[in-house]
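The values are calculated or read from the model by the stated rules, or taken from the named source; none is laboratory data. From a predicted model like this one, the values you see are computed outputs, not experimental measurements. Quick reminder, even Gly has a Cβ in these numbers, built from the backbone with ideal geometry, and neighbours come from all protein chains shown.
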Amino acid sequence: MFRVNLRQSMVRQLQTIMIACMRVHRNLAYLHRAVGGVRWNSSFKPAPLLTAAPVRALIDEHISIKGCFLPPQSPITMCAQMQSDEGDHWEAFAHYNTNADGTVNLTRDHSVGGSYVGCEPMGLFWGLQPAPGSREGLRLRKKNVETPYVMLLSLLEGHVSPSERKITELAAVTTERWYMAPGVRRTEIRQDGVVGTLFLPPGPGPFPAVLDLWGMGGGLVEYRSALFASKGYASFSLAYLGHKDLPAPHNRVNVGDPYFKSAYHLLQDHRQVVADRIGIVGLSFGVYLSLRIATRAGVKPSCLVCINGPVGSTIKLTDADGRTENFENEQTHWQFDDQGCVSFKAMSLPANLSPESKVKLEDLPCPLMYIVGEDDLSASSMENANLIEQTLRAAGKCQLLTLLSYPGAGHLIEPPYTPNSRVSLWSFKPRKLYTLWGGHPAPHAAAQQDAWEKILDFMDSHLRR
Amino acid sequence: MDRKQCCVKLSVQPSRGLMDEKFLVLVQSVLPGFQLTVYASYRCDDGHSWEAFAHYTANASGTVNVSEDHSLGGTYCGVEPMGLMWSLRPVPGSKPGLRMRKMNVLTPMEVTISVYRGHLTEGFVDQVPLAAVVVERWYMAPGVRRVPVTEGGLTATLFLPSGPGPFPGLLDLWGGGGKLVEYRAALLASHGIASLALDYLTPQITKENDVSVLFYNEWTNVQHPQVIDSRIGILGLSFGTSIALKMAVYSQVFKLRCVVCISGSHVQPIKGSVEQIMTSFHNNVDKTRFNEEQQVIWRDLLLPIPTDPSLKVEVGRLRCPLLMVVGEDDQNWPAHESAVDVKEMMQRAGNDHLLTVLSYPSAGHLIEPPFTPFARASSYKILGPPLQMVMVLWGGETVAHSRAQEDAWRKTLVFLRENLYRATSSSHL
C-alpha cells in the first residue's frame, strides 16, 4: 500500500522534472498528475545497497559480496536463491552482524549461523541446499552448460531463515555463474560410434587436451569439461554407459577398449589438439577407465587425474575388452544404512574388484594425481590409493604419484563452490534407491576448492610445458 | 603441431565484466624474456573495427601481467591495466571521425584479446596468434530491468536495479547531439541507482519556434513503485548541464538531492526556455574557430563568462550538493572558465561548501564512463538548415583523458551514493 503512494508521488515528481526540461518541442509530452489525493511520506529511507563483483563469474571464480548503508551493529541475513535446470529451488543463508560503519563484507566477516559459519566468502554457493518442500535426494548438476546459474543474492533484516513467512528484504543483486567462458565452443560428437561432447577454447589453438570421464551414474556429463575449456584445454566429455546413443542395455558397460582408444584418437587427431599433450581426468569408475586406457589401450597420455575410484572394475567383466555385466547383478557388496540408503563402497575394496580387470599399475606411463575424500562412502578410495602407492613404489615409479587426501570430504569431489550431496537418488526402478556419497559441507567445500587448484596446476605442468 | 605454441596460457579475469570493472590480463608459460604483443580487437554494432595493442617482454618466470608490467610501445605505454580498452582506435583505413558508443545495452561488447609472438605494430590480421580469449563487457548487470517509456511521445528509458528497492533515482541527460543514449543510465542502475535516460531534444527543434505548447497525457506506466521521490538526483553532460542547473536552482516543486554537471556551463539566459538557451548560443556562432585540421572549436561561443547575472544560473541559490567535472582541454564548452565562475558566485553567496570541482588537465569534453576509447575529435551532425556533418574538436589527450574518466567516474559514484543512499536527519522538502 505504501508503494502505491510512492508510485503516485513518484509520478508527480518525474512529471515536474519533465516539465522543467521539456519546454522545447510540442511533441514532448507532459506527464499528467495522477488522480488527486496523493499522500506522501517524507521520512522513508532508501534501501541499503548490496553489491557483488563480478556479477557474471565462472563457477570457480570468487565473487565479492558486500552490503552497505545498513544500520550499524545490526543483525542481517545474507541469502542466495536459484533454480536448477530441472526447476528445483536451492537456497543458502547466513547470519551476519553489520559492523560499526553499517557494512557487511563476506570476504572479511564471520557468519554466526545458517548454512555455514565462520568466514566463508563463497559459502552462499557451496552451502546451497534444496529449499524446504523439495523432492528428496536431489543433487545439483548443470545439464545445460551454455546457460548460467542465475542466483539471486538478497540481504534480509535480522537473523532469519528465508523460508520464514515474515521477512524484510532490504536489498538484492542478481549474479550469473557460468561453466563456459565466452568464446568456448561446444560440439556434440557422434563419430565412429563414439558418444561425447567436445569443448574447444577460443583462439586458433592448438590446445592441450583432456579426456573427461565420470562414474557409473552414466550419461554424458559436460560441466567439468566446459570449465576445462574455459581454462584453455580442449576437453572431451565421453559417455560409456547409460546413454541413448550407446548400445543397449543401458545399465552396463557395452563398450570396450577399442571404444576408448577411438575416443582418445578422435581427440588426438583433431587439428586443434596437440597430439602429445593429452591428459585424462576420471572420477569414480572413471578412475579405473583412465588407468585402463593409460596401461592397455596403446596410447600414452601425458598425465592422469584420478578422483575417488578403483584400480579395477567393480562389476564382473564379460569380455577381455572390458565390457561388464549389469550393474544391479552384483549386490553382494551393497551395504545399507538404517534409512535404507545404499553404500557401494565395499564394491571397490581391492579384494572385491574383478581380478582380471585390475590394472597393471607398474605399467603406468605418466604422472598420476590421485585424490581421496576421506569420508567417501561410495568408493574405497583410501584403500585403492594405498594400493597404488605400494605398487608404484615397488616398481620404482613412486615419483609419478601425487596423492591428495581430504578429511571430511566425500566421493563427489567436483569443481569448487558447488554444493555437495551427502546422499542422493540413485535409481527409481524397481523402487526408489538412494545412495550415500559422504562428505560434510565445510570440509568437502574446502577439499573441492583446494583440489581444483591443484588439478589445474598439475595439468598445467604436464600439458603445457 | 607447434608444441611451444600450446604452452602459452592467456587468461582475462573476469571474462564477463561490467564496463567500468577492471580486468586482469595474464600471459603465462612463455620463455623468460619472450617478446610478445597483446592485442585487443573489437567490432562494434555498426560494423567498424577497432584495435589496441601493447608490447611486452616476459619476466623470469615466463609471465606477462598487464596490470603490473610495462608496455614498451603500442597504443599505450607503461603500466596500464586497462590500456587495451581505452586506447582502442579505428583500424587503419577506417572512416575518419568515428566515436565508439554502444547504443544497444542489452548485449555486451565482445572484445577478443590475443597474444602474438614478437613486437608487432601492424598486420595482425595476417598472423596467427599464439592464443586468444573472448571478453564480454556489459553496461547492464544481470537483473537490471530496462523499461522504455514512450507515453505521450516521450523518449526515455528507465533502468531499475535488481532487487526489491525502493531505489534512489537519477535523471540522466546527455548533450546537444540528441538521440537517446542509454549506456550511462544502464551502468548507474547496475550500481543501484534507478536511472532515467531522457532524450530532451528531437530533430524538429530547429523547426519549432513556439515552445509553449503543452499537452498533457496520462502517464499510465505504473511499473515503477520502486523509485524514491525524495531521493532523486540529476546528471548532465554538456548541454545537459544547462538543464540540470536550471532545474536544480529554479524548480519550484522539486528539490533535487544532488547534481552532477560534466563539461558544461551555468551561462544561459535564466528566463529562457531550453530552446531560447540554444538560440542564444547560436547567436554567437561567429565565434566558432577552426584548428589546423579544420576541426570545429565551439568553446568561445559562451565566452567571455558574462558578469550580467541574468545571463547565468544563480548558483548562489543552490541548496543541494553540486559536483562539477571539468576537462581543462575542453574545446567544445568553456567548462573550466565556467567552473571558476561558479565557484566565485557560490563563495560570494556563502554556499560553496556544496560545491566540489574535479578539474582534469589535458582532459577534453567527452568525460564518460571509463575504459572506452578516447576520441579527441569526431563527426557531428548539425541539424541546420543546412544539414551538415562537421568534425568537432572535443579536446583532451588520450592518457590524461582516460585517467580523468576513471577518476571522475569513481568519484561520481561515491558522490551519488553518499547523497542518494546515506540516511540524513534533515528532509529536503
B:ASP172 fails exactly one of (1) within 8 Å of another protein chain (Cβ to nearest Cβ); (2) buried (at least 24 other Cβ atoms within 10 Å of the Cβ), namely (1)
Only residues that are farther than 26 Å from A:THR107 by Cα and touching a strand residue (DSSP E or B) at 6+ places or on another chain (Cβ under 9 Å): list them for the stretch A:120-144, please.
A:PRO132, A:GLY133, A:SER134, A:ARG135, A:GLU136, A:GLY137, A:LEU138, A:ARG139, A:LYS142
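Kindly indicate whether any position in the stretch A:274-283 is closer than 28 Å to A:ARG465 by Cβ, more than 14 Å from chain B (Cβ to nearest Cβ), assigned to a helix (DSSP H, G or I) and in contact (Cβ under 8 Å) with a residue 60 or more places away in the chain.
We begin by selecting, within the stretch A:274-283, every residue closer than 28 Å to A:ARG465 by Cβ; these are A:274-283.
Next cut, more than 14 Å from chain B (Cβ to nearest Cβ) only: A:280-283.
Within this subset, residues satisfying the condition of being assigned to a helix (DSSP H, G or I) are none.
No, every residue in the stretch A:274-283 fails to be closer than 28 Å to A:ARG465 by Cβ, more than 14 Å from chain B (Cβ to nearest Cβ), assigned to a helix (DSSP H, G or I) and in contact (Cβ under 8 Å) with a residue 60 or more places away in the chain.
Can A:HIS265 be described as surrounded by fewer than 21 Cβ atoms within 10 Å (Cβ to Cβ) and part of a helix (DSSP H, G or I)?
Details: surrounded by fewer than 21 Cβ atoms within 10 Å (Cβ to Cβ): yes; part of a helix (DSSP H, G or I): yes.
In short, yes.
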Selection count, the stretch B:284-321, where residues are under 25 Å from B:GLU344 (Cβ atoms) and of a type outside the set (A, V, I, L, M):
18
Restricting attention to the stretch A:373-384, which residues are surrounded by 22 or more Cβ atoms within 10 Å (Cβ to Cβ) and part of a helix (DSSP H, G or I)?
A:SER381, A:ASN384
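Residue check: is B:PRO369 touching an Asp or Glu at 6+ places or on another chain (Cβ under 7 Å), of a type outside the set (Gly, Ala, Ser) and assigned by TED's automatic domain parsing to the domain that holds B:VAL399?
On the way: touching an Asp or Glu at 6+ places or on another chain (Cβ under 7 Å): yes; of a type outside the set (Gly, Ala, Ser): yes; assigned by TED's automatic domain parsing to the domain that holds B:VAL399: yes.
The answer is yes for B:PRO369.
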Hits in the stretch A:223-238 (condition: surrounded by 24 or more Cβ atoms within 10 Å (Cβ to Cβ) and in a loop (DSSP other than H, G, I, E, B)):
A:GLY232, A:TYR233
When the stretch B:231-259 is examined, which residues are found to be surrounded by fewer than 24 Cβ atoms within 10 Å (Cβ to Cβ) and either facing chain A (nearest Cβ under 9 Å) or without any contact (Cβ under 8 Å) to a residue 12 or more places away in the chain (or both)?
B:LYS246, B:MET247, B:TYR250, B:SER251, B:GLN252, B:VAL253, B:PHE254
Here are some conditions: (1) in contact (Cβ under 8 Å) with a residue 40 or more places away in the chain; (2) surrounded by fewer than 20 Cβ atoms within 10 Å (Cβ to Cβ). A:GLU389 meets all but one. Which one does it not meet?
(1)
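Show me the strands (runs of 3 or more DSSP E) entirely contained within the stretch A:120-207 in which 3 or more residues are more than 14 Å from every other protein chain (Cβ to nearest Cβ) and surrounded by fewer than 16 Cβ atoms within 10 Å (Cβ to Cβ). Before you say what the answer is, go through the steps one by one.
On the way: elements: A:149-157, A:169-178, A:185-191, A:194-200.
Filter on the stretch A:120-207 gives A:185-191.
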Output for the stretch A:302-334, where each listed residue is of a type in the set (S, T, N, Q) and more than 27 Å from the chain's Cα centre (by Cα):
A:THR318, A:THR324, A:ASN326, A:ASN329, A:GLN331, A:THR332
Filtering the stretch A:62-95 down to residues that are crowded, with 22+ Cβ neighbours inside 10 Å and in contact with a Pro (Cβ under 7 Å, 6 or more places away or on another chain), which residue is nearest to A:GLY123 (Cα to Cα)?
A:PHE93
Selection over the stretch B:285-320 where residues are surrounded by 12 or more Cβ atoms within 10 Å (Cβ to Cβ) and among the acidic types (Asp, Glu) yields a count of 2
With the structure loaded, tell me whether A:ASP245 is over 18 Å from the mean Cα position of the chain (by Cα), within 14 Å of chain B (Cβ to nearest Cβ) and either part of a helix (DSSP H, G or I) or acidic (Asp, Glu) (or both) or whether it fails that test.
no
Taking B:HIS336 and the conditions (1) in a loop (DSSP other than H, G, I, E, B); (2) without any contact (Cβ under 8 Å) to a residue 24 or more places away in the chain; (3) under 27 Å from B:ARG99 (Cα atoms), which numbered condition does it fall short on, given that it satisfies the others?
(1)
Tell me, please, whether a residue that is away from chain A (no Cβ under 11 Å), crowded, with 21+ Cβ neighbours inside 10 Å and within 28 Å of the chain's Cα centre (by Cα) can be found in the stretch B:8-18.
no
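Conditions (1) assigned to a strand (DSSP E or B); (2) among the charged types (D, E, K, R), marked per residue:
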position	(1), (2)
B:VAL342	no, no
B:MET345	no, no
B:HIS353	no, no
B:SER359	yes, no
B:HIS365	no, no
B:PHE371	no, no
B:LYS381	yes, yes
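If only one of B:LEU302, B:LEU318 is modelled with pLDDT of 90 or more, closer than 17 Å to B:GLY175 by Cα and in the same structural domain as B:VAL399 (by TED's automatic domain parsing), which one is it?
Working: B:LEU318 fails: closer than 17 Å to B:GLY175 by Cα.
Answer to the selection: B:LEU302.
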Among (1) under 22 Å from the mean Cα position of the chain (by Cα); (2) outside any helix (DSSP H, G or I), which single condition is B:LYS271 missing?
(1)
If we scan the stretch B:60-72, do we find a residue that is touching a Ser or Thr at 6+ places or on another chain (Cβ under 7 Å) and either crowded, with 19+ Cβ neighbours inside 10 Å or not assigned by TED's automatic domain parsing to the domain that holds B:LEU106 (or both)?
no
Considering only the stretch B:19-70, how many residues are within 14 Å of chain A (Cβ to nearest Cβ), part of a loop (DSSP other than H, G, I, E, B) and among the β-branched types (Val, Ile, Thr)?
2
